[in-house]
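S.K.: There's a structure below that I have some questions on.
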Amino acid sequence: MKRIESLNDFVIKFANVNGSGSASANELFAKSFLRMGIPVSPRNIFPSNIQGLPTWYEVRVDEKGWLGRRGGVDLMVAMNPQTWDADVKEIDPGGYLFYDDTKALPPSKFRDDIHVIGMPLTEICNATYTDSRERQLFKNIIYVGALAGMLGIEPEVIAELIGEQYKGKEKLLKPNLNAFKMGLDHARMHLKEACGLKVKRAYAVGEKIFIEGNAAAALGCVYGGATVCAWYPITPSSSLAEAFQRYCSRLRVDKETGKNKFAIIQGEDELASVGIAIGAGWNGARAFTATSGPGISLMTEFIGLAYFAEIPLTIIDVQRGGPSTGMPTRTQQADVLACAYASHGDTKHVLLFPEDPNECFEFAAQALDLADRLQTPVFLMTDLDIGMNQRLTAPLKWDDSRKYDRGKVMSAEELEAGKEFGRYLDVDGDGIPYRTLPGTHPSKGAYFTRGTTKNAYATYSEAGSDYVTNVQRLLKKFETAKTLVPKPVLTPAKVPARFGCIYYGSTSPAMSEALEALAGQGIFINALRVRSFPFQDELFDFVASHTKVFVVEQNRDAQLKTLLVNDAGINPASLISVLHYDGTPITARFITKEIAEIVAALNVRPIKKDKAA
Amino acid sequence: MTYVTKPRLHHPTLAKNRLGFTRRDYEGNVSTLCAGCGHDSISAALIQAFWELSIEPHRVAKLSGIGCSSKTPDYFLGNSHGFNTVHGRMPSVLTGANLANRDLIYLGVSGDGDSASIGLGQFGHVMRRGVNMTYILENNGVYGLTKGQFSATADKGSKAKRGQVNTEAPVDTVSLALIMGATFVARSFSGDKHQLVPLVKAAIAHEGAAFIDVISPCVAFNNHPGSTKSYDYVREHNEAVNRLDFWPSREAITVEYKDGQVIEVAQHDGSIIKLRKTHPDYDPGDRTRALTYIQQHQALGEVVTGLLYLHPEAEDLHAHLNTCEVAFNRLGEKELCPGAGMLEKINAALR
């Protein structure tokens, strides 16, 4: 029988029961690779539940540094009888099944093309512990010990991690170390050669950090100067607001007075949350709200107001599967259209698409600048895959000379000096008017903000011409936005290529890996990672210079492609969608297979050597 | 009719306040509401109150929702910033604005459709949070701009202009504000300026969530026999539990009061309220009894007005959140950005 043999390159999946304490043990396991210098990317696949339902934790270990979901499973740690059959089925031929063999299972429960590794976990626990909760919790640490023994993870590394986890809680430290050792010893004695997956210290992690996108985005809001955060709990965005609270408590409390330089309001709903952010933005504070698709739906009336009344607003949408409550704990890129055109009437909004936690940080801070500069809602379009999983990412960077761009705010001095103020007057030709903050000047610069039609001086008007002038200026402002938002990133193929590929957001790591795999098959593709909407000229040039362009997305309806066709006027015949939308993160294997098949169907013969497909 | 510009010339003998402003300096654009609308009387009362308090107009932010009442901030305090937000959501926008700059005075103007129907949720929660504001609800029991539908504050059994009888129970905004935690709660009548102006002044001075429900008859759709929000009905059934005088400070008191006739309440900001009781058994310091009293008298068809509840030592949202004294909108990189060095430390802890 085939036996998968691999060093520093494999996928291990844990099948657990939600609430059984597996999460912290699994995280410990994942981190141990990083400490051994091997890149790892774990993913939580969890139910909308607190206790009892199945949950999975997939750990990809890859010295080459591919961080996307690979697809396939080399070793399944099957700890959940509920999902046993499906879990066993998922293992790649030649792969491994690690399970608790305390109770014998009939042969029909196994496959003959996989290697079965049993360990009497329950038996060991029952013999060691009397308390039922202890039996459950330590079982997790014991299997981590056994895996460490089988794979060759350095025990000191895990002991160090356990030490960090239970720092100050000495009572828990010792029993955890003991449980770990118990598992380790069992594996060393009984399972030494059971598994062909091995780990060896490497030097491929470097300076990288391990952080969730939501935490990074929250930190971006702290660095970007947000003082007001209003939110309503919704998976997968809740941990973003909670991280903002955590970082602010640490970084934004005035040392001398003990007073907070931030305000966080958990609103009664998403309408109130966005309303609070808009009120703060109107009054000159940097404010944001974090939500997910259903929250966006609720906010749309307010988003229309902010667009038309021109109020700075940052909305972080940690996308999940929709519609309705959809797949609340699974990932998708399915709010692209909902956000791009959010609200009634003619509206268009600035969107930013971060690829990883590093860009979550950078774009969150930038979104606050853009919102002030453009006086409009700006959406940070992240998703569950980036937001709720720890990801290896470049260290966060900040330039201390960087100044917040507060946009065009007319001061009392300027008003006093007689500078003309028209709240909706385009004085600079960029479509962006000046605003004044409430309370600026005793007799100049006050205006009445409204969502109703007004003239350039903010006076109520029902004249069609005033309306047209105003919404045309908003279009001009949207043009200006193109010069300010992050440009797309081109990854050229090694040789001139006829095919192009457009992708964005969390698809990025799987896409990079797929590009290399495709190149290995002789299919060369130039890739362009879109980082924002409105689209810039680079995108049009890119599409124009390729015969066909794949658009890879994680939604059913090809939403970015729709936007390209609808808003950028790109000929749909030149675009081919590659869509993944079952709620799991897109994989390199999926992209590679889809594109290779389409390329073959287009009758292009791949040539390995010097010519492109 | 905002295209009509009011003449800027003042009569030289117009009285001036401490800042040298006349009442005209507190006016706004010409009202576009119907002649005789109760809302215009409320605007006049607001102008009077701000003028008497010598508040610089530009230090006030006026926020409103949608509806006839919510149009009125355009008609007073023309040198203040105003924000006509979305229907029923003024409270959240006001909350955000207040967080951004704690140094301004926040005036929320809403109607009964805006606050008791679409905005009932936000109405309740802004009181819970204790946002420092004066929230004026211009209550006429009817949807004016959409021509005469009942609102949620219309009394059960009251009649619409075209004869339909309201069968639904009314939302009592005053009781609701009390339950939700407002620390200054009053009800008044647009036709009683002598009662309303001191109430507005005391509410502005109150450092917490201050709410005034002002019955404000709609002359176009709800001023007929059978309505319980008409001028005639409210005049006949107005049961004022007290009359009050407001003094910005103890030193400012210019009237001599005989002992035993008045109760004195000092607010957080040093202002003094002198309450002349008109109902001897009414105690505005007792929230639970106030609720019972209001309910009992409402059941008799009476409109209980006056200062219904006051918690003089109220704390506001900024106190709850322990925010810094400097307005958020004046904080820059120096105060807000933890800097590259700190980020290096954060990075190091994430390895």
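Read-outs: derived from the displayed coordinates by stated rules, not from any lab. Nothing here was measured: the structure is a model prediction, and the numbers come from that model. Neighbour counts are summed over all protein chains in view; Cβ atoms, including those assigned to glycine, are modelled from backbone coordinates with ideal geometry.
S.K.: At 0.36 nm per residue, and after removing the present C-alpha to C-alpha distance, how many nm does the segment from A:Thr325 to A:Met1 gain when stretched out fully?
M.R.: Values: separation 324, 0.36 × 324 = 116.64 nm, distance 4.49 nm.
Roughly 112.1 nm would be gained on extension.
S.K.: Looking at this model, which pairs from A:Lys103/A:Lys200; A:Lys494/A:Lys548; A:Lys2/A:Lys192; A:Lys139/A:Lys192; B:Lys71/B:Lys159; A:Lys64/A:Lys192 are more than 28 angstrom apart at the alpha-carbon? Intermediate results must be reported in sequence, preceding the final value.
M.R.: Working: A:Lys103/A:Lys200 33 Å; A:Lys494/A:Lys548 18 Å; A:Lys2/A:Lys192 18 Å; A:Lys139/A:Lys192 20 Å; B:Lys71/B:Lys159 26 Å; A:Lys64/A:Lys192 26 Å.
Violating the 28 Å Cα-Cα cut-off are A:Lys103/A:Lys200.
S.K.: Using the scaling law 2.2 N^0.38 Å as the reference, what is the normalised Cα Rg of the stretch A:211-393? Don't jump to the answer; show the numbers that get you there.
M.R.: Working: Rg = 14.8 Å, N = 183, 2.2 N^0.38 = 15.9 Å.
For the stretch A:211-393, the normalised Cα radius of gyration is 0.93.
S.K.: Can you list the HN-Hα couplings for the stretch B:10-19, worked out from phi with the Karplus curve (6.51, -1.76, 1.60; θ = phi - 60°), rounded to whole Hz and with x for Gly and Pro?
M.R.: Whole-Hz 3J(HN,Hα) from phi for the stretch B:10-19: 9, 6, x, 8, 4, 5, 10, 8, 3, 8.
S.K.: Please go through the residue pairs A:Lys482/B:Lys334; A:Lys408/A:Lys444; A:Lys31/A:Lys169 and name each one whose alpha carbons sit more than 23 Å apart in this structure.
M.R.: On the way: A:Lys482/B:Lys334 29 Å; A:Lys408/A:Lys444 16 Å; A:Lys31/A:Lys169 20 Å.
From the list (A:Lys482/B:Lys334; A:Lys408/A:Lys444; A:Lys31/A:Lys169), the Cα-Cα distance tops 23 Å for A:Lys482/B:Lys334.
S.K.: For a footprinting-style exposure proxy, rank B:Val304, A:Val336, A:Val88 by other Cβ within 10 Å, fewest first.
M.R.: Details: B:Val304 22, A:Val336 28, A:Val88 18.
Ranked by crowding around the Cβ, least crowded first: A:Val88, B:Val304, A:Val336.
S.K.: Could you compute the net charge surrounding B:Ile66? Neighbours are other residues with a C-beta less than 14 Å from the C-beta of B:Ile66; K and R count +1, D and E count -1. Present the calculation step by step, with values, prior to reporting the outcome.
M.R.: On the way: positive: A:Arg450, B:Lys71, B:Arg89; negative: A:Glu301, B:Asp74, B:Asp112, B:Asp114, B:Glu138.
Surrounding charge for B:Ile66 is -2.
S.K.: In whole Hz, with x marking every Gly and Pro, tabulate ³J(HN,Hα) for the stretch B:173-179 from phi via Karplus 6.51 cos²θ - 1.76 cosθ + 1.60, θ = phi - 60°.
M.R.: So the J values, rounded to whole Hz, are 5, 5, 4, 4, 4, 5, 5.
S.K.: How high is the FRET efficiency from B:Thr292 to A:Asp346, r the C-beta distance, R0 56 Å, rounded to 0.05? Show your work: numbers first, answer last.
M.R.: Details: r = 53 Å, r/R0 = 0.95.
Between B:Thr292 and A:Asp346 the formula returns 0.60.
S.K.: Points 7 angstrom from Cα along the Cβ direction at A:Lys200 and B:Arg59: gap in nanometres?
M.R.: Label at A:Lys200, label at B:Arg59, 7.5 nm between them.
S.K.: If you don't mind, another one. Which whole number gives the average, over all residues in A:447-460, of C-beta atoms from other chains lying within 10 Å of the residue C-beta?
M.R.: Numbers: counts 4, 14, 7, 10, 6, 3, 0, 0, 0, 0, 0, 1, 4, 7.
Per-residue shielding by partner chains comes out at 4.
S.K.: Below 12 angstrom from the Cβ of A:Gly152, what's the summed charge of the other residues (Lys, Arg +1; Asp, Glu -1)?
M.R.: On the way: positive: A:Arg188, A:Lys192, A:Lys198, A:Lys200, A:Arg201; negative: A:Glu154, A:Glu193.
Every neighbour counted, the sum reads +3.
S.K.: Between B:Asn322 and A:Lys192, what's the calculated FRET efficiency when r is the beta-carbon distance and R0 is 41 Å? Round to 0.05. Show your work: numbers first, answer last.
M.R.: Details: r = 58 Å, r/R0 = 1.42.
Calculated value: 0.10.
S.K.: What residue among B:Leu99, B:Leu33, B:Leu331 has the largest mean-square fluctuation in a Gaussian network model of chain B, using Cα springs under 10 Å?
M.R.: Ranking B:Leu99, B:Leu33, B:Leu331 by mean-square fluctuation puts B:Leu331 first.
S.K.: Now a separate question. Considering all alpha-carbon pairs of the stretch B:85-172, what whole percent are spaced by more than 17 angstrom?
M.R.: Details: 1905 of 3828 pairs.
Beyond 17 Å sits 50 percent of the P(r) for the stretch B:85-172.
S.K.: Mean residue ellipticity at 222 nm from the helices of chain B, using -39,500 (n - 2.57) per DSSP H segment of n ≥ 4 over the full residue count, to the nearest 500 deg cm²/dmol? All intermediate terms of the calculation are to be shown ahead of the outcome.
M.R.: Numbers: 11 runs with 101 residues, N = 351.
About -8000 deg cm²/dmol.
S.K.: Note the full-extension length gain between B:Ala349 and B:His279 as 0.36 nm times their separation in residues minus their Cα-Cα distance, in nm to one decimal.
M.R.: On the way: separation 70, 0.36 × 70 = 25.20 nm, distance 6.63 nm.
The span from B:Ala349 to B:His279 would gain 18.6 nm if fully extended.
S.K.: If you don't mind, there's one more thing I want to ask. Taking the Cβ of each residue in A:Leu298, A:Leu151, A:Leu380 as the centre, tally the other Cβ atoms inside 10 Å and list the residues starting with the fewest.
M.R.: Values: A:Leu298 17, A:Leu151 21, A:Leu380 30.
Result, fewest neighbours first: A:Leu298, A:Leu151, A:Leu380.
S.K.: On to the next question. I need the shape label for the stretch A:100-180. Rule: rounded when a/c is under 1.5, else prolate if a/b > b/c, else oblate, with a, b, c from the alpha carbon gyration tensor. All intermediate terms of the calculation are to be shown ahead of the outcome.
M.R.: Numbers: a/c = 3.65, a/b = 1.60, b/c = 2.28.
It is oblate, given that a/c is not under 1.5 and a/b is not larger than b/c.
S.K.: Let me ask something else about it. Within a 10 angstrom radius of each residue's Cβ in B:318-325, how many Cβ atoms of other chains show up on average? Whole number is fine. Write down the numbers at each step before the final one.
M.R.: Details: counts 3, 0, 1, 6, 7, 8, 11, 3.
Other-chain Cβ atoms within 10 Å of each residue's Cβ, averaged: 5.
S.K.: Using per-residue counts of other Cβ atoms within 10 Å, averaged over each peptide, order B:201-212, B:130-141 from highest down. Don't skip to the answer; put the middle values down first.
M.R.: Working: B:201-212: 26.0, B:130-141: 27.8.
Going from most to least packed, we get B:130-141, B:201-212.
S.K.: Once you place label points 7 Å from the Cα toward the Cβ at B:Glu236 and B:Arg162, how far apart are they in nm?
M.R.: Taking the simple label geometry, B:Glu236 and B:Arg162 are separated by 2.6 nm.
S.K.: First select every other residue whose beta carbon is under 13 angstrom from the beta carbon of A:Phe302; then total the charges, Lys and Arg +1, Asp and Glu -1.
M.R.: My count for the surroundings of A:Phe302 gives -2.
S.K.: If packing is taken as the average count of other Cβ atoms within 10 Å, what order do B:188-195, A:43-50, B:243-250 fall into, highest mean first? Kindly include the intermediate steps, with their values, before the conclusion.
M.R.: Working: B:188-195: 20.2, A:43-50: 16.1, B:243-250: 18.5.
The packing order, highest mean first, is B:188-195, B:243-250, A:43-50.
S.K.: State the answer as a single residue: which of A:Gly387, A:Phe110, A:Met1 lies farthest towards the positive end of the charge dipole of the protein assembly as shown, with beta carbon charges of +1 for Lys and Arg and -1 for Asp and Glu, about the Cα centre.
M.R.: Of the listed residues, the answer is A:Met1.
S.K.: Given charges of +1 on the Cβ of Lys and Arg and -1 on the Cβ of Asp and Glu, with all other atoms neutral, how large is the dipole of chain A about its Cα centre, in debye to the nearest 20?
M.R.: Numbers: 69 positive and 71 negative charges, 187 e Å.
The dipole magnitude comes to about 900 debye.
S.K.: While we're looking at this one, here's another question. What residues have an amide H closer than 5 Å to that of A:Leu575, excluding those fewer than 5 places away on the same chain, when H is modeled at 1.01 Å from N in the peptide plane?
M.R.: A:Val549
S.K.: Also, I was wondering about something else. Would you pull out the residues with amide H under 5 Å of A:Ser532's amide H, same chain only if 5 or more places away, H placed 1.01 Å from N?
M.R.: Answer set, sorted by chain and number: A:Phe353.
S.K.: While we're on this one: Among rounded, prolate and oblate, which fits the stretch A:285-328 when a ≥ b ≥ c are the square roots of the eigenvalues of its C-alpha gyration tensor, a/c under 1.5 means rounded, and a/b larger than b/c means prolate? All intermediate terms of the calculation are to be shown ahead of the outcome.
M.R.: Numbers: a/c = 4.02, a/b = 1.86, b/c = 2.16.
Note, shape of the stretch A:285-328 comes out oblate.
S.K.: Can you quote the Å³ per residue value for the convex hull of the Cα atoms in the stretch A:1-103, rounded to an integer?
M.R.: On the way: hull volume 11.7 nm³, N = 103.
Convex hull volume per residue, Cα atoms: 114 Å³.
S.K.: Convex hull over the alpha-carbon atoms of the protein assembly as shown: what's its volume per residue in Å³?
M.R.: Residue-normalised Cα hull volume stands at 213 Å³.
S.K.: If you put +1 on each Lys and Arg Cβ and -1 on each Asp and Glu Cβ, how big is the dipole of chain B around its Cα centre, in Debye rounded to 20? Mind showing how you got there, number by number?
M.R.: Details: 35 positive and 36 negative charges, 164 e Å.
Rounded to the nearest 20 debye, it is 780 debye.
S.K.: Under 13 Å Cα to Cα from B:Lys156, which aspartates and glutamates show up? Leave out anything in the same chain fewer than 8 places away.
M.R.: Output for B:Lys156: B:Glu168, B:Asp172.
S.K.: Quick one: of the DSSP bridges fully inside the protein assembly as shown, what percent are antiparallel, nearest 5?
M.R.: Values: 46 of 133 bridges.
Just about 35 percent of them are antiparallel.
S.K.: Note down the nm distance, to one decimal, between modelled labels 7 Å out along Cα→Cβ at A:Asn571 and at A:Thr491.
M.R.: Placing both labels 7 Å along Cα→Cβ, they lie 2.8 nm apart.
S.K.: Given a Förster distance of 51 Å, report the FRET efficiency between A:Thr453 and A:Asp254 from their Cβ-Cβ distance, rounded to the nearest 0.05. Walk me through the numbers before you get to the answer.
M.R.: Working: r = 44 Å, r/R0 = 0.85.
With R0 = 51 Å, the Cβ-Cβ based efficiency is 0.70.
S.K.: Working from the pairwise distances between different alpha carbons, so that the mean of 1/r is found and then inverted, what is the stretch A:490-599's Kirkwood radius in Å?
M.R.: Numbers: mean 1/r = 0.0726 Å⁻¹.
About 13.8 Å, per the Kirkwood formula over Cα pairs.
S.K.: Check which residues have an amide H placed less than 5 Å from B:Phe83's amide H, if you skip close sequence neighbours.
M.R.: A:Thr449, B:Lys62, B:Leu63, B:Ser64
S.K.: Next up: To make sure I understand, if each residue's beta carbon is the centre and we count other beta carbons within 10 Å, what order do A:Met388, A:Met410 fall in, fewest to most? List each step's numbers first, then the result.
M.R.: Working: A:Met388 25, A:Met410 20.
By the 10 Å Cβ count, ascending, the order reads A:Met410, A:Met388.
S.K.: Let me ask something else about it. Order the peptides A:133-139, A:540-546 from the highest to the lowest mean number of other Cβ atoms within 10 Å of their residues.
M.R.: Working: A:133-139: 18.4, A:540-546: 15.6.
Output ranking for A:133-139, A:540-546: A:133-139, A:540-546.
S.K.: Separate question: Residue by residue through the stretch A:217-228, which ³J(HN,Hα) values in whole Hz follow from phi under the Karplus form 6.51 cos²θ - 1.76 cosθ + 1.60 (θ = phi - 60°), with glycine and proline marked x?
M.R.: Along the stretch A:217-228, the couplings run 5, 4, 5, x, 5, 5, 5, x, x, 5, 10, 10 Hz.
S.K.: When you look at the Cβ of every residue in A:400-407, what mean number of other chain Cβ atoms sits within 10 Å?
M.R.: Working: counts 6, 2, 3, 3, 5, 0, 2, 0.
Across the residues of A:400-407, the mean count of other-chain Cβ atoms within 10 Å is 3.
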